[in-house]
1. Go through (1) modelled with pLDDT of 85 or more; (2) within 17 Å of Ala88 (Cβ to Cβ) for Leu63 and report which single condition fails.
2. Using beta carbons and a limit of 9 Å, which pairs, at least six apart or on different chains, have the first residue in region 79-106 and farther than 9 Å from Thr37 by Cβ and the second one of a type in the set (S, T, N, Q) and modelled with pLDDT under 85?
3. So which pairs qualify, if the first residue must be in region 6-27 and over 11 Å from Ala94 (Cα atoms) and modelled with pLDDT of 85 or more, the second must be of a type in the set (Lys, Arg) and part of a helix (DSSP H, G or I), the Cβ gap must be under 6 Å, and the two must be at least 6 apart or on different chains?
Amino acid sequence: MVNTFGATLYNRIREMAIMRAVGLTPRGLGRLVVIETLLYGLGAVLTGLLAGTGFAYLFGRSLGSSYIAMPWTLAGAIALMTLAAVAAVGLGFARSISRLPVAENLTAE
């Protein structure tokens, strides 16, 4: 997941440089990237929870049980750790991109 976010953000260097050229501050760029990556991460976490719960239910049904003992505390902790990792990746990328000169990023392909 981290590699996917990094590749997606790397492909948008020019777009971010244009935003910087028209007045977006490095802090604003960081905020924008972190919020975007958190939204992607939240979508991934929710998809994983729904798919995992569904598969657990189907697996339980195949064994003759209709009850799922879901460790919600553990699932919540893993979700929070995933979102923290995603936010760290976004923040790291935003910091590295904001340190480069805007003109250099505008010519990036």
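1. Of everything listed in (1) modelled with pLDDT of 85 or more; (2) within 17 Å of Ala88 (Cβ to Cβ), Leu63 misses just condition (2).
2. Ile97/Asn105
3. Qualifying pairs under 6 Å: none.
The values are calculated or read from the model by the stated rules, or taken from the named source; none is laboratory data. Bear in mind that the values here come from a model prediction, so they are computed numbers and not experimental data. Backbone-built Cβ (ideal geometry, glycine too); neighbour counts: all protein chains shown.
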